[in-house]
Amino acid sequence: MTSAVTISLNVNGERIEADVPPRLNLSDFLRDHLKLTGTHVGCEHGVCGACTVRVNGEIVRGCLMLAVQCDGAKVETIEGLSDSGEVADLQAALQS
Ligand code: FES
């Protein structure tokens, strides 16, 4: 069995430190470890985009990235965008 790896990252403005399995993907880390279930999992092959998040400002597919690759990174999920008001216009349009 492979040992866990300690990672430290910033998620939606909050500093997070966690011990994760080396092969845990980012979307499962966000959903299962941090309970950020706005990041969804669909195809798990990088096709559908349900797992899309931003890492250091770049749009990535969370299902194709390992959590350990985010050590030291800034990660933003839909929860973070919602809290910041960045998608407020889109949310309002969907509610009308
Ligand atoms: Fe479909 Fe990641 S789950 S692109």
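Only the coordinates and a few stated rules stand behind these numbers; no lab work does. Everything numeric in this text was worked out from a predicted model, so none of it was measured. Neighbour counts are summed over all protein chains in view; Cβ atoms, including those assigned to glycine, are modelled from backbone coordinates with ideal geometry.
Side notes on the structure shown:
- Remark: Arg54 falls outside the filter, which requires a residue to be within 15 Å of the ligand (Cβ to nearest atom), under 10 Å from the mean Cα position of the chain (by Cα) and farther than 20 Å from Glu86 by Cβ.
- Whichever residue in segment 23-34 is outside any strand (DSSP E or B) and either surrounded by 16 or more Cβ atoms within 10 Å (Cβ to Cβ) or within 8 Å of the chain's Cα centre (by Cα) (or both) and, among such residues, is farthest from the ligand (Cβ to nearest atom): Leu34
- Qualifying residue in segment 43-64 (condition: surrounded by 19 or more Cβ atoms within 10 Å (Cβ to Cβ) and of a type in the set (D, E, K, R)): yes
- Close pairs (7 angstrom Cβ cut-off, 6 or more residues apart or separate chains): among the small types (Gly, Ala, Ser) in segment 65-83, buried (at least 18 other Cβ atoms within 10 Å of the Cβ) and part of a helix (DSSP H, G or I) anywhere: Ala67/Leu26; Ala67/Phe29
- Condition check for Val20 on (1) touching a residue at least 12 places away in the same chain (Cβ under 8 Å); (2) away from the ligand (no atom under 15 Å from the Cβ); (3) within 12 Å of the chain's Cα centre (by Cα): one failure, at (3).
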